[in-house]
Amino acid sequence: MTASNIRKGSVTVDKGVRLNYLEAGTGHGRTLVLVPGWSQTAEQFRFQLEGLSDRYRVIAFDLRGHGDSDKPDHGYRIQRLAQDLHQALAALVLGDVTILGHSMGCSVLWCYFDLFGADRIARYVFCDQASFLTTDPAWTAEQTANHGSIFTPETVSGTATALRGADGAVATEGFLRTMATEGIDAEQFRWIVEVNLKMPRAHAATLLYNHCHQDWRDVLPRIDRPSLFIGGKASLVPTTCIAWNASQVPGAKLEIFEVDEKGSHFMFIENPAKFNEVVAGFMEAA
């Protein structure tokens, strides 16, 4: 992270756990808060911190155990991360924010809403996340497409076991490879892997297992703030579920990146110009 306008800070939650955050912008306009996904980092939002801070105050968090935040030996479940986020927003006296969750970050936001409602939040952006990641064998093909499951109970356990193993870094790289386009710059992909590995693999495995067994389908219809859902046709997360998610939230907007628009799970890294334009357009219209 070399951009001179990006500042680093921290906030304390849950009896002394320190969360790192990156911030850019003067705060004279609206505030955009960015919540990364599983094993991801605030640093991976550098193109949004750089590209949107001329208009907004932009803050990206490292969740517990992620990036440069503290890595305690407990709390690696979605419910705790949602409570951490609620405490962090309060500690920074943030209110009326647009909050963007990527991947597991969406699950953190859905849990936050389930626990605290839309406290301190004016608008939501949900980027590329299924409402229930693990397939129920009783589901029909249509239900599986709508809910967006990309794991079976067996593959969740297998992935978590691989992450905890001696070759956890190799398993991580293989998993991340499915999240990017084949044409991603090699150096950029190495950077994605490097910052992901800042999270200890045992903690990453524990969190992944918890994350994959959460069901947020009943939360979506209760969301009562302007919302935007973003997906990508080159992503491992099916666009059918992104469209279904949007259909469940009253008045929600939907944006799908095409394959030729580098619409991978990391579209905000691979095509930041369009991503920033979409987010800014939503913030200005909402």
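Observations, loosely collected:
- Packing-based exposure ordering (other Cβ within 10 Å, fewest first) of ASP136, ASP70: ASP136, ASP70
- Sequence-separation-based contact order of the range 7-285, relative, with Cα cut under 8 Å and 6+ spacing, percent: 19 percent
- Whole-angstrom gap from the range 87-142 to the range 200-228, using each part's C-alpha centre: 7 Å
- Ordering ILE256, GLN48, PRO238 by Cα displacement along the dipole of the chain toward the positive end leaves GLN48 in first place; charges were set at the Cβ atoms of Lys, Arg (+1) and Asp, Glu (-1).
- Net charge contributed by nearby residues that have their C-beta within less than 11 Å of PRO250 (K/R +1, D/E -1): +1
- Taking other C-beta atoms within 10 Å as the exposure proxy, ASP62, ASP84, ASP68, ASP218 rank ASP218, ASP68, ASP84, ASP62 from fewest upward.
- Over 31 Å (Cα to Cα) - which of LYS8/LYS274; LYS198/LYS262; LYS8/LYS233; LYS198/LYS253; LYS71/LYS253; LYS198/LYS274 fall in this group: LYS8/LYS233; LYS198/LYS253; LYS71/LYS253
- Most to least packed among 190-196, 150-156 [average Cβ atoms within 10 Å]: 190-196, 150-156
- The GNM of the chain, with springs linking C-alpha atoms under 10 angstrom apart, assigns the highest mean-square fluctuation among THR140, THR12, THR31 to THR140.
Read-outs throughout are calculated quantities, based only on the coordinates presented, and are distinct from any laboratory measurement. From a predicted model like this one, the values you see are computed outputs, not experimental measurements. Virtual Cβ from ideal backbone geometry, glycine too; neighbours counted across all protein chains shown.
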